[in-house]
Amino acid sequence: MSKYQKFLDDKKIVDADTGLKKIPPLNPMLYDFQSDIVAWALKRGRACIFADCGLGKTPMQLEWANHIKGDSLIVAPLAVSSQTISEGEKFGVKVKSSRDGKKAGKITITNYEQLEKFNPDDYVGLVLDESSILKAYTGKYRNMLIEKFGNIQYRLACTATPAPNDFMELGNHAEFCGTMTRTEMLAMFFVHDGGETQKWRLKGHAQSEFWRWVCSWAVMIRKPSDLGYDDGNFILPELKVKSIIVDVDHTDSSDDFLFRMPASTLQERQKERKHTINDRVLKCKELVDTRPNEPWLIWCNLNSESEALKKMIDGAVEVKGSDKPEYKEKTMLGFSKGKVRILVTKPKIGGFGMNWQHCSNVVFVGLSDSYEQYYQAIRRCWRFGQKKEVNCYIITAETEGAVVSNIKRKEKDAEKMAQEMVKNMQDINSENIKGIKRSKGKYKTNKTDGRKWTAYLGDSCETIKEIESNSIGYSIFSPPFASLYTYSNSDRDMGNCKSNAEFSEHFQFLINELFRIIQHGRLVSFHCMNLPTSKVRDGYIGIRDFRGELIKQFQQAGFIFHSEVCIWKDPVTAMQRTKALGLLHKQVKKDSCMSRQGIPDYLVSMRKPGDNISRVAGEFEWFSGDPSTFENTGNLSIDIWQRYASPVWMDIRPNHTLQKQSARENNDERHICPLQLDVIERGMQLWSNEGDTVYSPFMGIGSEGHMAMKLRREFVGCELKESYYKVACSNLKAAESYSNELF
């Protein structure tokens, strides 16, 4: 394997396995898909299992912890601990509870409220049951788990499908597993448009790479067939959701309206909920009375709702936030075992982790705007293992506004996103879990020759090897920089680098080859700019000296720093395009210490040491586009030379470029930015002769070749992206035809 191929292999964004090298025989009571997921998670060492409710997360995490070589701590919601211990007995796995911070055995279980009492040094394995607790970026438990418990060797997070429209939750899970920080994930795979820095979306070309990365540390399954297994008993019964809207007494309204108006704000909605408690509780009692011998699960959001339900419904048992943990646990387990027939509580208290498949009647007397709470609350009963159809009643007042329609909208969006999530992860998860190989996109190469030009489709670090040593008279191009998945998702794309150091290592392969093919005493010119930094990606707002870094890399290969010119750019245009904080006028008035000038372009030229055997006499050739106007004035005049010799070029036309629209693909995050023809023309006039071969390793749509043809040079170029390559070949053919007409 070549050094370059090894670099590309190492460049892939996949988190390496850190778990068991050899997987022991697993519990035969597990279903096939459960057993395979556990084996994968043991091999991974640090992993996430996103399995829908009732798919057996508890036996999977118990089996995982049972085979970790050392002691493990399971952290779960209140009352789930006892449920997990019972499940362990069923599967022959010993689990002991602890609430005082002391280790109770090989597998110790506690609840999140007691987590801070435990010493992470006592354990080699950590399991999070209902790991959606990591959702809040600034949450207490999220930070404690990542900061205090982040060095535990083996880590497993288990939850139902994480909020599919909340990529931040995925980022927090990745950080818990130690694969990448949330900030790194955002900088690598996401982009925010314009000035909305809090609204992130997945880059077009990043989609396949993002999901491939997620699948290197997480498995997602909504039903066994998602991974190619038979669904068997894992088919949900019907869920019947009925919305009940109660009328409201308007006689005591303090408003000036004839009719009570629907609530539009959160404050108004809360006021209406308090006003309509008795009406909603009475309707709930009527429902419960229709099935007097069946268990009922009643969800509410206000303490006053809970109190009223307990008083009005015979046999109703209330669990509220102020109750002691022992009472909460005893009551919820009592409902699980049938000792309590009617349970009244809030989703944030009992909505996570509990298995209540014995109950098929669910009532929401109060409904918040949280879809996650709604989804989890229903899933306590409507889950795999439920034998009956589940009846779910949502009781709201007519004046509460659009709370039900809001939840239904979120439900529809979440379902769509979950399907997309499964679709994106399905093939890769199948390969990881079952070993089923998926087809992969091929690296494409091609070569097209014209009379005085050659265009390569492929990786310039490899195609450049076909060029003879000391054969190129001049090279001019604009190198990429680490702007992940802007134009492609190929690992061969130099823009797709995780860090500045990785980009430098990648680019150095090309620079070393450039030094080989350039004639002695001749030049390479690269067009670049310094790069603004951001808090999310770099941790600070400032400017990175990209120009200086590139100069040092060329010097490292043996080039001499020959010259540079600064190219003026309009700061107003830059501000409108980037919304950069430092260019905004309001920042001058707010705190001008954060204001800065616009960032110019540079044309930097590096020279290969040695004597130039075919000296260049700078020529000035002018034409307006009409072949009859072509004029070769010979050597550069003094006036023109003084303009070219200026350290700042103020007259470069920013829009004087080749046509580019036909090459751009839908997933491209940025418009193609071809090098201005004025810059290319001046470089070739100054530092190359007629008949010289000009080379561009980043040909794009063929701008350098276009100008080489018009200035009677020959051209060799390379482009990695096929759509750009096709447009470049078309442009080169047109330029060659035009050149033949000229000369």
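The values are calculated or read from the model by the stated rules, or taken from the named source; none is laboratory data. In this text the structure is predicted, and so the values were computed from the model without any measurement. No Cβ is skipped: glycine too gets one built from the backbone with ideal geometry, and neighbour counts run over all protein chains shown.
Going by the conditions given, is Phe91 buried (at least 22 other Cβ atoms within 10 Å of the Cβ), touching a residue at least 12 places away in the same chain (Cβ under 8 Å) and among the aromatic types (Phe, Trp, Tyr)? So that I can check it myself, show each step before the final result.
On the way: buried (at least 22 other Cβ atoms within 10 Å of the Cβ): no; touching a residue at least 12 places away in the same chain (Cβ under 8 Å): yes; among the aromatic types (Phe, Trp, Tyr): yes.
So Phe91 does not fit the description; no.
Is the stretch 400-414 home to any residue that is in a strand (DSSP E or B), more than 19 Å from Glu294 (Cβ to Cβ) and among the aliphatic types (A, V, I, L, M)? Spell out the reasoning first.
Looking only at the stretch 400-414, we keep the residues that are in a strand (DSSP E or B), and these are none.
So far as the stretch 400-414 goes, no, none of its residues is in a strand (DSSP E or B), more than 19 Å from Glu294 (Cβ to Cβ) and among the aliphatic types (A, V, I, L, M).
Just one of (1) at pLDDT 75 or above; (2) exposed (fewer than 14 other Cβ atoms within 10 Å of the Cβ); (3) assigned to a loop (DSSP other than H, G, I, E, B) trips up Lys440, so point out which.
(1)
Of the residues in the stretch 647-657, how many are surrounded by 12 or more Cβ atoms within 10 Å (Cβ to Cβ), assigned to a loop (DSSP other than H, G, I, E, B) and out of contact with any helix residue (DSSP H, G or I) (no Cβ under 7 Å at 6 or more places or on another chain)?
1
Scan the stretch 462-478 for residues that are over 11 Å from Phe698 (Cβ atoms) and touching a His at 6+ places or on another chain (Cβ under 9 Å) and report the count. If you could, list the steps in order and put the result at the bottom.
Kept after step one, since they are over 11 Å from Phe698 (Cβ atoms), are these residues of the stretch 462-478: 462-474.
Still in the list and also touching a His at 6+ places or on another chain (Cβ under 9 Å): 470.
Going through the stretch 462-478 one residue at a time, the tally reaches 1.
Tell me the helices (runs of 4 or more DSSP H) entirely within the stretch 1-84 that contain at least 3 residues that are charged (D, E, K, R) and outside the structural domain of Ile133 (by TED's automatic domain parsing). Steps first, answer last, please.
On the way: elements: 3-11, 32-44, 57-67.
Counting at least 3 such residues, we get 3-11.
Under the condition of being surrounded by fewer than 21 Cβ atoms within 10 Å (Cβ to Cβ) and in contact with a Ser or Thr (Cβ under 9 Å, 6 or more places away or on another chain), which residue from the stretch 173-188 is modelled with the highest pLDDT?
Gly178
Filter the stretch 362-381 down to the residues that are in contact with an Asp or Glu (Cβ under 6 Å, 6 or more places away or on another chain) and either closer than 11 Å to Cys392 by Cβ or modelled with pLDDT of 85 or more (or both) and list them by number.
Listed by number, the list holds a single entry, Val365.
Assess whether Val362 counts as being outside any loop (DSSP other than H, G, I, E, B) and in contact with a strand residue (DSSP E or B) (Cβ under 6 Å, 6 or more places away or on another chain). First the steps, then the outcome.
On the way: outside any loop (DSSP other than H, G, I, E, B): yes; in contact with a strand residue (DSSP E or B) (Cβ under 6 Å, 6 or more places away or on another chain): yes.
The answer is yes for Val362.
Quick test of your reading of the structure: Met144 fulfils all but one of (1) modelled with pLDDT under 85; (2) assigned to a helix (DSSP H, G or I). Name the failing condition by number.
(1)
Right, Glu63: over 26 Å from Pro325 (Cα atoms) and either more than 30 Å from the chain's Cα centre (by Cα) or modelled with pLDDT of 95 or more (or both) or not?
Working: over 26 Å from Pro325 (Cα atoms): yes; either more than 30 Å from the chain's Cα centre (by Cα) or modelled with pLDDT of 95 or more (or both): yes.
Spelling it out, Glu63 is indeed over 26 Å from Pro325 (Cα atoms) and either more than 30 Å from the chain's Cα centre (by Cα) or modelled with pLDDT of 95 or more (or both).
How do the pairs read when you match residues in the stretch 406-421 that are on the phi < 0 side of the Ramachandran plot with residues anywhere that are surrounded by 15 or more Cβ atoms within 10 Å (Cβ to Cβ) and in a helix (DSSP H, G or I), using Cβ under 7 Å and keeping only pairs 6 or more apart or on different chains?
Taking only residues 6 or more apart or on different chains, the pairs are Ile407/Tyr371; Ile407/Tyr374; Lys410/Tyr371; Glu411/Tyr371; Ala414/Tyr371.
Within the bounds of the stretch 511-521, is there any residue that is surrounded by 15 or more Cβ atoms within 10 Å (Cβ to Cβ), over 30 Å from Gln5 (Cβ atoms) and not β-branched (Val, Ile, Thr)?
yes
Can you name the number of the only condition in (1) in a loop (DSSP other than H, G, I, E, B); (2) closer than 24 Å to Ser97 by Cα that Lys388 fails?
Exception for Lys388: condition (2).
Filter the stretch 291-305 down to the residues that are aliphatic (A, V, I, L, M) and farther than 22 Å from Lys271 by Cβ, then identify the one that is surrounded by the fewest Cβ atoms within 10 Å (Cβ to Cβ).
Leu297
Evaluate the following for Lys285: is it part of a helix (DSSP H, G or I) and touching a residue at least 12 places away in the same chain (Cβ under 8 Å)?
Working: part of a helix (DSSP H, G or I): yes; touching a residue at least 12 places away in the same chain (Cβ under 8 Å): yes.
Criteria met by Lys285.
Taking helices (runs of 4 or more DSSP H) that do not extend beyond the stretch 492-610, which have at least 3 residues that are more than 29 Å from Ser646 (Cβ to Cβ) and at pLDDT 90 or above?
Details: elements: 500-517, 535-538, 546-557, 571-578, 585-591.
Result: 500-517.
Considering only residues that are at pLDDT 90 or above and out of contact with any Gly (no Cβ under 8 Å at 6 or more places or on another chain), look in the stretch 152-172 and name the one that is nearest to Lys69 (Cα to Cα).
Residues of the stretch 152-172 that are at pLDDT 90 or above, as a first pass: 152-158.
Keeping just the survivors that are out of contact with any Gly (no Cβ under 8 Å at 6 or more places or on another chain) gives 157-158.
Values: Ala157: 18, Cys158: 20 Å.
The residue in question is Ala157.
Could you tell me whether Glu736 is within 25 Å of Met494 (Cα to Cα) and touching a residue at least 60 places away in the same chain (Cβ under 8 Å)?
Numbers: within 25 Å of Met494 (Cα to Cα): no; touching a residue at least 60 places away in the same chain (Cβ under 8 Å): yes.
The answer is no for Glu736.
Does Val422 count as at pLDDT below 80, assigned to a helix (DSSP H, G or I) and either of a type outside the set (A, V, I, L, M) or within 26 Å of Pro224 (Cα to Cα) (or both)? Lay out the reasoning, then the answer.
On the way: at pLDDT below 80: yes; assigned to a helix (DSSP H, G or I): yes; either of a type outside the set (A, V, I, L, M) or within 26 Å of Pro224 (Cα to Cα) (or both): yes.
Yes.
Residues of the stretch 67-88 being touching a residue at least 40 places away in the same chain (Cβ under 8 Å) and more than 15 Å from Gly125 (Cβ to Cβ), which ones?
Kept after step one, since they are touching a residue at least 40 places away in the same chain (Cβ under 8 Å), are these residues of the stretch 67-88: 67-84.
Once the filter is applied, which keeps residues that are touching a residue at least 40 places away in the same chain (Cβ under 8 Å) and more than 15 Å from Gly125 (Cβ to Cβ), the stretch 67-88 yields Pro77, Leu78, Ala79, Val80, Ser81, Ser82, Gln83.
Of the conditions (1) out of contact with any helix residue (DSSP H, G or I) (no Cβ under 7 Å at 6 or more places or on another chain); (2) surrounded by 15 or more Cβ atoms within 10 Å (Cβ to Cβ); (3) hydroxyl-bearing (Ser, Thr, Tyr), Ser2 clears all except one; give me its number.
Ser2 satisfies all of (1) out of contact with any helix residue (DSSP H, G or I) (no Cβ under 7 Å at 6 or more places or on another chain); (2) surrounded by 15 or more Cβ atoms within 10 Å (Cβ to Cβ); (3) hydroxyl-bearing (Ser, Thr, Tyr) except (2).
Any chance you could count how many residues in the stretch 289-341 are farther than 22 Å from Gln373 by Cα, of a type in the set (Asp, Glu) and not in a helix (DSSP H, G or I)?
2
Is it true that Glu669 is within 21 Å of Asp601 (Cβ to Cβ), modelled with pLDDT under 95 and surrounded by fewer than 23 Cβ atoms within 10 Å (Cβ to Cβ)?
Details: within 21 Å of Asp601 (Cβ to Cβ): yes; modelled with pLDDT under 95: yes; surrounded by fewer than 23 Cβ atoms within 10 Å (Cβ to Cβ): yes.
When the stated conditions are applied, Glu669 passes them.
On the given criteria, is Lys660 surrounded by 13 or more Cβ atoms within 10 Å (Cβ to Cβ) and at pLDDT below 90?
Here the answer is yes, as Lys660 does meet what is asked.
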